[in-house]
Amino acid sequence: MKPELKRIETTLHQLSDKNPEIGNQPDGMGWRSQTPDAAPSISMTVESWTDQKQSGKTPVLPKLKAPSFTNHRNAANPALATTLLQEIEVIVSGWQKELHQILRQIQDLYLEGPIVDGWLESHAREPEVGVEVLREAVETGHAASVHQLMDYVEECNQPDGNVTCESPRTGYRLVGLDGEGQLWSRPCPPEQVPTVSVAIARYQKLRQLLVRKQDLETRLSQLAETLIVLHGHLQDPSS
C-alpha cells in the first residue's frame, strides 16, 4: 500500500470515530457504506458468565420459620408399639396363669368333700328321755307301763333327787333356697354340724373362685376381640 493511501485511510478512521455520520460519506475510493439511514442505536448490557454462574448458585429464597419440636406424649415413637405389645403380653400371661390356678383350686374343692349351698339355723328341741316310755304305755295299755310312767313323773318332780329327765336342748336344721327361690329346710343332727359347716364353707370359697374365673374369662375374651379387629386393620391394604 502506498503511503498516501495509508494516511488517507487513517484520517478517515479518525473522522469516523469523531462523527458517526461519516459512514454515509463516500470513502476515498468513491464507495458508500450500506448502513441504514435511521438505524436505531441499541444499548445492550451482557452480564459476564461468572456473574450468571454465581447468581445461579445463590438464588434469593423466602425465609421460612424453623419447625419447633415438642416432647408431646403422642409424638411418633417407633419403639412405642413394641413396648405396648410387650406390656400386653405380660398382662395376658398373668391372667392366664391366675386362671389356671383358679381351675385347679376349684377341682381341689370338689375332691375335698361335699359342697352345700345353704346355712345352718338353731332351734329349741323337745326332751327325748321318757318319750319312748309314754309311747309304749299308750300303745300297749298295760298297767305296768302306766305305773312306770307315773314313777317317771314323780321322779322328775323331786327337786332334790337325781333327775333322769333331760331339759330342752338346742337343735339345728339346714336351710337354703331352691331354683325358684323357695325356702327349704332339713333337720341336721348335732353330730353332723361340723361336717355340714365345712361343706358350707367350701361353697362360699367356690363361689368366690367362680366369680374371679368369670371376670378373667371376660377380660381375655374382650381383649381377643379387640386384637382380631386390630389385626384385620393392619392387614387391610387401604389402611
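The values are calculated or read from the model by the stated rules, or taken from the named source; none is laboratory data. This one's a predicted model, so the numbers in the text were calculated from it and none came from an experiment. Here the Cβ positions follow ideal geometry from the backbone for every residue, glycine too, while neighbour counts run over all protein chains shown.
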Please give the number of the condition residue 104 fails out of (1) at pLDDT 65 or above; (2) on the phi > 0 side of the Ramachandran plot.
(2)
Before we move on, is residue 212 touching a residue at least 12 places away in the same chain (Cβ under 8 Å) and under 14 Å from the mean Cα position of the chain (by Cα)?
no
Can residue 237 be described as in a helix (DSSP H, G or I), exposed (fewer than 10 other Cβ atoms within 10 Å of the Cβ) and without any contact (Cβ under 8 Å) to a residue 60 or more places away in the chain?
no
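Restricted to the range 195-239, and to residues that are charged (D, E, K, R) and touching a helix residue (DSSP H, G or I) at 6+ places or on another chain (Cβ under 8 Å), which residue is farthest from residue 100 (Cα to Cα)? Outline the logic, then answer.
Filtering the range 195-239 down to residues charged (D, E, K, R) leaves 202, 205, 207, 212-213, 215, 217, 219, 225, 236.
In the following step, the residues that additionally are touching a helix residue (DSSP H, G or I) at 6+ places or on another chain (Cβ under 8 Å) were identified as 202, 205, 212-213, 217, 219.
Details: 202: 19, 205: 16, 212: 12, 213: 9, 217: 11, 219: 15 Å.
Among them, the one singled out is 202.
Yes or no, residue by residue, for (1) under 30 Å from residue 114 (Cα atoms); (2) surrounded by 13 or more Cβ atoms within 10 Å (Cβ to Cβ); (3) not hydroxyl-bearing (Ser, Thr, Tyr):
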residue: 170; (1), (2), (3): yes, no, no
residue: 181; (1), (2), (3): yes, no, yes
residue: 190; (1), (2), (3): yes, no, yes
residue: 193; (1), (2), (3): yes, yes, yes
residue: 210; (1), (2), (3): yes, no, yes
residue: 218; (1), (2), (3): yes, no, no
residue: 221; (1), (2), (3): no, no, no
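What number of residues within the range 90-118 satisfy the criterion of being more than 22 Å from the chain's Cα centre (by Cα) and either assigned to a helix (DSSP H, G or I) or exposed (fewer than 12 other Cβ atoms within 10 Å of the Cβ) (or both)?
Just the residues of the range 90-118 that are more than 22 Å from the chain's Cα centre (by Cα), to begin with: 101-118.
Keeping just the survivors that are either assigned to a helix (DSSP H, G or I) or exposed (fewer than 12 other Cβ atoms within 10 Å of the Cβ) (or both) gives 101-113.
So the count comes out to 13.
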